[in-house]
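Notes for the one structure printed next.
The values are calculated or read from the model by the stated rules, or taken from the named source; none is laboratory data. Please read these numbers as outputs of a predicted model, since none were measured by experiment. Using ideal geometry, Cβ is built from the backbone for each residue, glycine included, and neighbour counts are taken over all protein chains shown. Heads up: the accessible areas ignore ligands, DNA and RNA and are worked out on the full protein's heavy atoms, side chains in. Shrake-Rupley method; radii C 1.70, N 1.55, O 1.52, S 1.80 Å.
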Amino acid sequence: MKTLVSLFGFFFLFIAPVYSELLPPDLDKIRLIVKEENSISETELKAEIEKSEKHMKEYVDTKFEAVDTKFKAVDTKFDALQRQINILVAFVSGLIILIVATIGIPQIIMAWRGKDERSQDKKIEALSREIEALKEQRIINP
């Protein structure tokens, strides 16, 4: 162990202290190296972003196509349902017209006949009064 420590001590005697300074050309070289690394990383990152964007656009396009086909299917179902509703409305309207005609026409006929009956009733009543008046006249003047 002593030999090892003495060997290290011997080497430390011959090693000259080193003071380093970064000069502007050294800093420029470092900047150049960092810029090259950054530009490489930047190009790789841009390529990766473009690849991801392309992949996402394709994915979204396929999903939009699937959604469009589903919307078209729903639209056809709504169109069929609309047709059925229109047929049902027409049928119900026809039934309402039939009911009104069935009930309304006889009522109109009865009202028209009632008008005639009322005029006949008035005539009958007038004739009855006239007959009564004639009977009274005959009873009084035999």
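Being at pLDDT below 85, loosely packed, with under 10 Cβ neighbours inside 10 Å and assigned to a helix (DSSP H, G or I) holds for only one residue in R138, R118, R113, and it is R138. Part of a helix (DSSP H, G or I), modelled with pLDDT of 85 or more, of a type in the set (S, T, N, Q) and open to solvent by 100 Å² or more (accessible area, probe 1.4 Å), is that true of T62? In short, no. Is it the case that I87 is open to solvent by 100 Å² or more (accessible area, probe 1.4 Å), of a type in the set (A, V, I, L, M, F, W, C) and at pLDDT 95 or above? Here the answer is yes, as I87 does meet what is asked.
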